[in-house]
1. Check cross-link reach from Lys186 to the lysines: straight Cα distance under 18 Å, and skip same-chain residues fewer than eight apart.
2. Can you tell me which lysines have their Cα less than 21 Å from the Cα of Lys278? Leave out same-chain residues fewer than eight positions away.
3. Search the structure for amide H atoms under 5 Å from the amide H of Leu223, placed 1.01 Å from N in the peptide plane, and list their residues when 5 or more places away or on another chain.
4. Any chance you could list P(r) for region 44-198, counting all Cα-Cα pairs in 10 angstrom bins from zero, rounded to whole %?
5. With the dipole of region 68-169 worked out from charges on the C-beta (+1 for Lys and Arg, -1 for Asp and Glu) around the Cα centre, which of Ala159, Ile120, Ala132 lies farthest toward the positive end?
6. Relative to the present Cα-Cα distance, how much length would full extension add between Arg301 and Ile221 at 0.36 nm per residue of separation?
7. Please compute the length gained on full extension between Val76 and Arg100, using 0.36 nm multiplied by the number of residues separating them and subtracting their Cα-Cα distance.
8. P(r) tail for region 248-299, what percent of Cα pairs lie past 14 Å?
Amino acid sequence: MTCTGSVWRIVANRYEVRTPEGVFLCAFSGKLRRARGVDVRPVAVGDRVEIEAGEGGEGRIERVHPRRSLLARADVHHPHLRQPLIANLDLVVVVQAAARPAVDWHEADRALVMAAAGQIPALLCINKIDLAGEGAAAVEAGIARYRAAGYPVVAASAAAGQGVGELYERLAGRSSALLGPSGVGKTSLLNALVPGLALKTGAVSASRGGGRHTTTWFERIPLPAGGDVADAPGVEVFEPWGVTRATLASCFPEFAGPAAGCRFSDCRHVREPGCAVKAALGGAVSRERHASYVRIWEGLRA
Ligand SMILES: Nc1nc2c(ncn2[C@@H]2O[C@H](COP(=O)(O)OP(=O)(O)O)[C@@H](O)[C@H]2O)c(=O)[nH]1
Ligand SMILES: [Mg+2]
Ligand SMILES: [Zn+2]
């Protein structure tokens, strides 16, 4: 029996495909493996796929439908290969904590670049607002910076229920993924968004591993109002895929206006004379965001 469905998660190296005919744990066909090109794996969570369903809830993925978006990073061990993380997202929710762990704006910028490289709109969520304490003014200034750059920002507290309703409205009816370091409260936010979910929070469990390079995969969770949110306990170290020194500026939306005034059309906004982006520092472009841009730019090979 052939049926069409969507990949919800990876379980022991097999893809859980939900279809109108039921849920099937699938491997992929040899044909797909041979056609995977630059990809580490031919299928990603979020893919729409056609499967050949077999006995006992097992099946084989025969075809992957064209994707409307793809969040991907360079493979940690083979940087020339693409590691597809999750396909067909409408929104990436970049999550940081106001405190414990301290907000890492540069990490947020890297995640925003990754979303932009996958052509996916992004939202910034600063969780643990209840813990901001003495750092509240700095967190507020940070939030203002991202709003000025054009990003929607939600200040939240999964613990106190603050901002959860606003987040829910943004996520309803869409496919989203939470992207942020461990400990910022991604799982807690999910639990607050989906009553009765009761996912385990806190320490990363042994079965998922806790090392820097562990690969744990996105798992999608349906929202009661439609749409779904994916969480990935281990996805934090990444080199965004498909970003070059020439295209990085396009991942910083607030650069676009000023960049039109740069003296050189191929200005990289790093050390070029007559750079209108640098001239806008402290005004339309924040110094912190530009410093973050330069830091990412310097880490790119080409
Ligand atoms: N005070 C406070 N603690 C929170 C909040 N959100 C999560 N936590 C705590 O932070 C820790 C890590 O949360 P978890 O959801 O597991 O983070 P994850 O690793 O990003 O999934 C847990 O001990 C949570 O109880 C919050 O909004 N406020
Ligand atoms: Mg978690
Ligand atoms: Zn410039």
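The values are calculated or read from the model by the stated rules, or taken from the named source; none is laboratory data. Just so you know, these numbers come straight off a predicted model, no measurement behind them. Ideal geometry is used to build each Cβ from the backbone, glycine not excepted, and the neighbour counts take in all protein chains shown. Surface areas here come from the heavy atoms of the whole protein model, side chains and all, with no ligands, DNA or RNA. Shrake-Rupley method; radii C 1.70, N 1.55, O 1.52, S 1.80 Å.
1. By straight Cα distance, Lys186 reaches Lys128, Lys200.
2. Candidates past the 8-residue exclusion: nothing left.
3. Asp228, Val229
4. 10, 35, 31, 17, 6, 1
5. Ile120
6. Using 0.36 nm per residue and subtracting the Cα-Cα distance, I get 25.2 nm.
7. Gain on stretching Val76 to Arg100: 6.0 nm.
8. Beyond 14 Å sits 43 percent of the P(r) for region 248-299.
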